[in-house]
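A short write-up of the structure that comes next.
The values are calculated or read from the model by the stated rules, or taken from the named source; none is laboratory data. Every value quoted in this text rests on a predicted model; they were computed, and no experiment measured them. When we count neighbours, we look across all protein chains shown, and the Cβ atoms used for this are built from the backbone with ideal geometry, even at glycine. For accessibility, only protein heavy atoms count, side chains too; no ligands or nucleic acids. Shrake-Rupley method; radii C 1.70, N 1.55, O 1.52, S 1.80 Å.
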Amino acid sequence: IAGDFDPDEVKALIDKYFGSWKKNENLTRPTYPAVKKITEPTDTVVLGQEAAFMYIAWQAEGGKSHQLDTLAVIDRLLSNGKAGLIDLNVNQPMKCAYAGAGVQDLEEYSGFLLQGMPKEGQTNKEVKDILLAEIEKLKRGEFDENMLKAIVNNMKREEYAGLEDNESRVSTMTNAFVCNKEWADEVNHIERLSKITKADIVSFANSFFKDNYVVIYKEQGEDTTLKKIDKPAITPIPANREYQSQFVTDIIEQSPEILPVFPDYDKEIAKSVTKTKLPLRYVKNEVNGLFTLIYNYNFGTDAEPFIDYLSDYLELIGTKK
């Protein structure tokens, strides 16, 4: 549960309605034989009308394994939308139509994925070779060590921002529950990431990324094995919008009225001036350590045509302070 509520009141409600429930000691968890380890490259071809693309996947440990910490960092080292190996060496020089990386963490087994889309006149197999070449660069340590700190800082910022959103909070709790993670592990994962070194990445990459992958080639074409199913008749369903069940009526009557809160700008926003007498407006973030700083200049592209390019460039620079 996440939201603006009194935890003690919620606990009392849970105890009232569910406190008498007992665990069924006869319930057992399904068990399955271990998935056979992949020891050599295997591939599959899928046909369809959509544009061609391909996936490369390596099998990883279950979602609660700390192996996923290192894979999460490697994901960003390869593809972060700005300065990853795939971003710089594949997407920017347009060696293919698109390429990226990702981690899929699941309860029993997880997967590390590379995805690529060929450009006109290029084959999926050529895209596969391009992506595997970037994995080899990773294994040789051909990346900036400073990138590690930047990646962890970005992930920390994203986590802080997620704490401001109820859906994100619940998603984090749900993932931890589904993957059987210890909550302390989930809470401290950023701290673990911050301790990963370049040597750790290189060592892990050389042991993990071997010829033990699966490739799916999605080629453009007609799949003759598909079987068509006759479309069933669809009958209209009356909406009955004018009716309301007793259950809904009871819920509405029991729900407290939520009234809007209109902030008083003079009280909520602190007003000041800078050393150069420019107006400054400030609201303290009481939720986490994040802040947003906005400079407002009273001119636009009519006065300075290059201002759009400058704003994009400013996002890519920084300061130690």
Estimate the FRET efficiency between H66 and F262 by the formula 1/(1 + (r/R0)^6), using the beta-carbon distance for r and 41 Å for R0, to the nearest 0.05. 0.30
Phi-based couplings in Hz for the range 302-311 (Karplus 6.51, -1.76, 1.60; Gly and Pro marked x): 5, 7, 9, x, 8, 5, 4, 5, 5, 5
How high is the relative contact order of the range 3-140, in percent, counting Cα pairs under 8 Å that sit 6 or more residues apart? 22 percent
Cross-link reach list, lysines versus K210, counting only Cα pairs under 26 Å and skipping chain neighbours closer than eight places: K36, K37, K64, K95, K125, K128, K137, K139, K195, K198, K218
Measuring with a 1.4 Å probe in the full set of protein chains, what accessible area per residue, in whole Å², belongs to the range 145-242? 75 Å²
So which residue, out of I14, I56, I196, gets the largest mean-square fluctuation from a GNM of the chain using Cα contacts under 10 Å as springs? I14
Considering the dipole of the chain built from charges on the beta carbon (Lys and Arg +1, Asp and Glu -1) around the Cα centre, which of I252, N206, P232 is farthest to its positive end? N206
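Considering only DSSP states other than H, G, I, E and B, which GluC sites (Glu not before Pro) in the range 33-138 qualify as loop sites with at most 15 other Cβ atoms within 10 Å?
Working: sites: E50, E61, E107, E108, E120, E126, E134, E136; in loops: E50, E61, E107, E108, E120.
Those that pass, being in a loop and sparsely packed, are E50, E61, E107, E108, E120.
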For the chain, set up a Gaussian network in which alpha carbons nearer than 10 Å are linked by springs, and say which option among G221, G63, G81 fluctuates the most. G221
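Over the chain, what is the relative contact order in percent, taking alpha-carbon pairs closer than 8 angstrom and at least six residues apart?
Working: 320 pairs, mean separation 74.3, N = 321.
Relative contact order for the chain comes out at 23 percent.
How much length would be gained if the chain were fully extended between L132 and E40, taking 0.36 nm per residue of separation minus their Cα-Cα distance, in nm to one decimal?
Gain on extension, L132 to E40, equals 31.7 nm.
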Given the options S168, S110, S20, which has the most mean-square fluctuation in a GNM of the chain, springs set between C-alpha atoms less than 10 angstrom apart? S20
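Hey, got the dipole for the range 236-314? About the Cα centre, +1 on K and R Cβ, -1 on D and E Cβ, debye to the nearest 20?
Numbers: 7 positive and 12 negative charges, 105 e Å.
The dipole magnitude comes to about 500 debye.
Based on the Kirkwood radius over alpha-carbon pairs, what is the Stokes-Einstein translational diffusion coefficient of the range 1-159 at 4 °C with 1.567 mPa s viscosity, in µm²/s?
Values: Rh = 19.3 Å.
Taking Rh from Cα pairs, D becomes 67 µm²/s.
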Given labels modelled 7 Å from the Cα in the Cβ direction, how far is it in nm from S272 to E186? 3.8 nm
Can you pull the one-decimal nm distance between simple spin-label points at F5 and N288, each 7 Å off the Cα toward Cβ? 2.2 nm
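How would W183, W21 line up by accessible area, probe 1.4 Å, largest first? Don't jump to the answer; show the numbers that get you there.
Working: W183 125, W21 180 Å².
Largest accessible area first, the list is W21, W183.
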Counting only protein heavy atoms, what percent of the accessible surface of the range 29-93 is carbon or sulfur at a 1.4 Å probe? 54 percent
Using a 1.4 Å probe, how large is the accessible area of I1, given in Å² and rounded to the nearest 10? 130 Å²
What is the Cα centroid distance between the range 38-55 and the range 214-236, reported in whole angstrom? 17 Å
So what is the relative contact order of the range 123-221, in percent, for Cα pairs below 8 Å that sit 6 or more residues apart? 48 percent
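Using only the heavy atoms of the protein chains and a 1.4 Å probe, how would L131, L314 rank by accessible area, largest first?
Numbers: L131 0, L314 95 Å².
So the residues, ranked largest to smallest area, are L314, L131.
Under a Cβ-only charge scheme (Lys and Arg +1, Asp and Glu -1), can you give me the dipole magnitude of the range 79-163 about the Cα centre, in debye to the nearest 20? Working shown, then result.
Numbers: 11 positive and 14 negative charges, 57 e Å.
For this selection, approximately 280 debye.
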Given [x] 19, 43, 34, 3; [y] 33, 49, 17, 2; [z] 29, 51, 14, 6, 0 as candidate values of P(r) over Cα pairs in 20 Å bins from 0, in percent, which corresponds to the one derived from the coordinates? [x]
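Rounded to the nearest 20 debye, what is the charge dipole size of the chain about its Cα centre when +1 sits on each Lys and Arg Cβ and -1 on each Asp and Glu Cβ?
For the chain, the charge dipole is close to 840 debye.
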Along the Cα→Cβ direction, 7 angstrom out, place labels at E253 and T235. What is the inter-label distance in nm? 3.4 nm
Which lysines have a Cα lying under 18 Å from the Cα of K11, excluding residues fewer than 8 positions away in the same chain? K22
Let's test the formula: R0 of 30 Å, r as the Cβ-Cβ distance of S311 and K119. What FRET efficiency results, to the nearest 0.05? 0.50
Which value results for Rg/Rh of the range 87-149 when Rg is the Cα radius of gyration and Rh the Kirkwood radius based on the inverse mean 1/r? 1.03
